[in-house]
1. Just to check your reading of the model, which residue among Ile54, Ile86 is more than 18 Å from the chain's Cα centre (by Cα) and buried (at least 18 other Cβ atoms within 10 Å of the Cβ)?
2. Here are Leu117, Leu151, Leu121: which of them is in contact with a strand residue (DSSP E or B) (Cβ under 6 Å, 6 or more places away or on another chain) and at negative phi?
3. Test Ala163 against the stated conditions and say whether it is buried (at least 18 other Cβ atoms within 10 Å of the Cβ) and in contact with a Pro (Cβ under 7 Å, 6 or more places away or on another chain).
4. Determine whether region 96-119 contains at least one residue that is outside any helix (DSSP H, G or I) and within 30 Å of Lys55 (Cα to Cα).
5. Of these, Ala25, Ala19, which one is more than 21 Å from Asn159 (Cβ to Cβ) and either at pLDDT below 95 or surrounded by 20 or more Cβ atoms within 10 Å (Cβ to Cβ) (or both)?
6. Take Leu47 and tell me if it is modelled with pLDDT of 95 or more, over 22 Å from Val147 (Cβ atoms), touching a strand residue (DSSP E or B) at 6+ places or on another chain (Cβ under 8 Å) and part of a helix (DSSP H, G or I).
7. Out of Phe44, Phe74, I need the residue that is among the aromatic types (Phe, Trp, Tyr) and either in contact (Cβ under 8 Å) with a residue 12 or more places away in the chain or surrounded by 15 or more Cβ atoms within 10 Å (Cβ to Cβ) (or both). Which one?
8. Can you tell me how many residues within region 175-186 are touching a helix residue (DSSP H, G or I) at 6+ places or on another chain (Cβ under 6 Å) and surrounded by fewer than 17 Cβ atoms within 10 Å (Cβ to Cβ)?
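The values are calculated or read from the model by the stated rules, or taken from the named source; none is laboratory data. Predicted model only: the values in this text are computed from it and were never measured. All Cβ positions, glycine included, derive from the backbone under ideal geometry; neighbour counts span all protein chains shown.
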Amino acid sequence: MRTWIVAGNWKMHNTSTEAVALAKAIKNGTAALKKGEVVLAPPFTALHSVAQTIKGSSVALAAQNMFYEDKGAFTGEVSPVMLKDIGCTYVIIGHSERRKYFHEKDTDVNLKVKKALAYGLKPIMCVGETEEEREKNVTRAVVGRQVKEGLRGVENIDNLVIAYEPVWAIGTGKVATSAQAQEVHAFIRAILKENYASTAASIRILYGGSVTKDNIGELIAMKDIDGALVGGASLKADGFLGIIKNIADKK
């Protein structure tokens, strides 16, 4: 039985003070949870303060990105060593916004996944097609390539989480139907089974893209959807806690 997980990606929002207030509300609101996992991904500037706020709770800390070198002359980058030191257990890798705005390629994602795993960080590897790609009926080709290339040469995926986020649904208010999402989730799990037969069934695959407390119920009821990577709705405690509650009630 896979443990459900909900991760809040705060993107470029919240000062340290704002992040602490939000983290405290989420920590208090999830204190009674008996199952599942809640992860918060604040901006880099708030990682330390949020780490201190959630210390001693069941809430885990994630970074939104990392570089694939341990250290060196890489101005503006953050290493897995630094993330571990500050208290991160998860790191989001390959988000569509990183691919779009910062031109990250599958090869970059692959290097980051390998480095994260090498340092004991749990990568949340993001994959997903654009609206144009879906309309051209190449969703499987695009997502399949991203999964395979992202995991090229990776031998052990025990600590991996995959997030399927159709790009056309991120921040647009559009949401994949439960059937659409389940189809892609099942497709991803089938790819994993090809190369990781013994562990594929235990890997958690999240859905992301305009997730709210009102639409998560139908999505989470699907067989291969194990949780959510939440963007905008994670910036308000009530909305995020509503998503968590609805998932906990279903799973």
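1. From the options Ile54, Ile86, the qualifying one is Ile54.
2. Leu121
3. So Ala163 does not fit the description; no.
4. Yes, region 96-119 contains at least one residue that is outside any helix (DSSP H, G or I) and within 30 Å of Lys55 (Cα to Cα).
5. Exactly one residue qualifies, and that residue is Ala19.
6. In short, yes.
7. Phe44
8. Going through region 175-186 one residue at a time, the tally reaches 0.
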